[in-house]
Amino acid sequence: MKLLDQTRHFLSLTHSQGIARRYFVVNGFDGALAMLGLVMGFYVTGDASLEVAITACMGGAIALGVSGLSSAYISEAAERRRDLRSLEEAMAGESLQNSSHGRAARLVPVYVASVNGLAPFVTALLIIAPLWMARWGVVLPFSPFLAAAGTATFLLFFYGVYLGVVSGTFWLWSGVRTLFIAAATAGLILLLRF
Amino acid sequence: MARLRYIVLDVLKPHQPGGVEFAGALADHLGDCSVRLEVEERDEKTESVTVEVAGPDIDFDAVTARINEMGGSVHSVDEVEVDPGVEES
C-alpha cells in the first residue's frame, strides 16, 4: 500500500495521472486491434498452423510491448527532466534532485512506460490465449482463430466501456462504438478472401 | 540546553504538494508540534509561504530537511522563541 500511495503522490506531483490512463487505453487498443488483424489474417488464409500463428502473434506482442515501453520512457523522461529544470529555475536555482519532485521525475517515466508497454502486451497475450489452449489440446467449440478474434472484440468493448466510465459518458454507447471499430476491422480483413 | 519552542520561516515552495498536504506532512514528521502555513505570494510555478511551527522541543534540522524533501526552500528564519534548558544538578 505504501508503494501505491507513493506512486499516487508522484503522479499527483507531476500531474501525470491522465497521461498514464491515456497510454493504458491508447496502447491497449493498439494491441487489441493489431492482434485482431493478425488472427483474422490467419483465419482468412484457411490453413494456417497454430504454431506459426502463435509464433507470429507472440512476436507481435513482444514488439508492441517493447515499443510501448521504450517510446514512453524516452519521451516521458525527457518531459519530466524539462519540467524539473523549469521548476528549479522558478525556485531560484535550488536543486530539487533529492526532493520528492526529483524522485518523481525519475520514477514517473518508469511507471508510465510500464503501463504503455504492458497494456498492449497483456492484451495480446489474452487474445492469443485460445490459440495456446488449442495448441495444448483443449477442445474449443469453434475455430481458435475465431475465439481469439472474439476475445479481441470483447477487450475492445472493455476499453470502450472504460473510456466511457472515465469520461462520464454513457458506458454502453462508448463500448458499442469501439465494438463497431472492431467489427469494421474484421470486416475489412474478411474482404481479403475475395 | 535551550529548547526551540516556536519558529516562523519564510519558505519558497512549488505549488505541489498543496498547503494542506505540505503542513500536514510537516506536522506528521515532527510528531508533537503544531504547524501553521500562510500563503504570502503566488506565481506561475511557486508560492511564498510563512510556516509557523510550535512545540515543546522543535528539531530545526528535521523541519528544514522535511521542507527540502517536499521541494521547498527555507529563505529566512523570521521569528524564533527559545526556552532556556533546565540544568541537571
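The values are calculated or read from the model by the stated rules, or taken from the named source; none is laboratory data. Given the structure is predicted, the values throughout are model-derived calculations rather than measurements. Here the Cβ positions follow ideal geometry from the backbone for every residue, glycine too, while neighbour counts run over all protein chains shown.
So here's what we get for this one:
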read-out	value
Residue match in region A:51-62 (condition: in a helix (DSSP H, G or I), in contact with a helix residue (DSSP H, G or I) (Cβ under 6 Å, 6 or more places away or on another chain) and without any contact (Cβ under 8 Å) to a residue 40 or more places away in the chain)	no
Output for region A:84-94, where each listed residue is surrounded by 17 or more Cβ atoms within 10 Å (Cβ to Cβ) and under 32 Å from the mean Cα position of the chain (by Cα)	A:84, A:87
Residues of region A:95-109 classified as crowded, with 16+ Cβ neighbours inside 10 Å and either assigned to a loop (DSSP other than H, G, I, E, B) or under 25 Å from the mean Cα position of the chain (by Cα) (or both), total	7
Scope region A:123-144; condition in contact (Cβ under 8 Å) with a residue 40 or more places away in the chain and in a helix (DSSP H, G or I); matching residues	A:123, A:124, A:125, A:127, A:128, A:131, A:132, A:134, A:135, A:144
Lone unmet requirement of (1) among the aromatic types (Phe, Trp, Tyr); (2) surrounded by fewer than 19 Cβ atoms within 10 Å (Cβ to Cβ); (3) modelled with pLDDT of 95 or more for residue A:121	(2)
All strands (runs of 3 or more DSSP E) inside chain B with 3 or more residues being within 13 Å of chain A (Cβ to nearest Cβ) and surrounded by 15 or more Cβ atoms within 10 Å (Cβ to Cβ)	B:3-14, B:46-54
Output for region A:82-128, where each listed residue is facing chain B (nearest Cβ under 10 Å) and among the charged types (D, E, K, R)	A:83, A:88, A:89, A:94, A:103
Residues within region A:1-49 that are hydroxyl-bearing (Ser, Thr, Tyr) and in contact (Cβ under 8 Å) with a residue 60 or more places away in the chain, tallied	5
Filter pass, residue A:79 being touching a helix residue (DSSP H, G or I) at 6+ places or on another chain (Cβ under 9 Å) and within 14 Å of chain B (Cβ to nearest Cβ)	no
